[in-house]
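All of the numbers you see were taken from the coordinates with simple rules; none came from a lab. If you're wondering where the values come from, they're calculated on a predicted model, not measured in any experiment. Because the Cβ atoms are built from the backbone with ideal geometry, glycine has one as well, and the counts that use them run over all protein chains shown.
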Amino acid sequence: MKMVLIGFAFASATLAAASASAGNPSAEIGYERGALGFEALMANENETALRQIQSAKSVPHNDPARLINLGRAHARLGNVSQAQQAFE
């Protein structure tokens, strides 16, 4: 069940990221570059993305884009409970 939840959340996050970045696929629109770990996630550099997301002071902790990417990074690193927490 947890893997289904993570898989669904990952698919949703991927679609959201793709539509949000349609104009420039390597940019975080409306955020400081790197604040959401977007480029690192796209390069499959998940530990880098996690560090970037966790250290971004300009993005509120409850920001949906932050939480989606945080969940994606955790899921890719196998941190199931942290990923689930971020997606919830």
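Of the peptides 33-44, 56-67, the order by per-residue mean of other Cβ atoms within 10 Å, starting with the highest, comes out as 33-44, 56-67.
Spin-label pair Lys57-Gln82: with each label point 7 Å from Cα along the Cα-Cβ axis, the two points sit 2.2 nm from one another.
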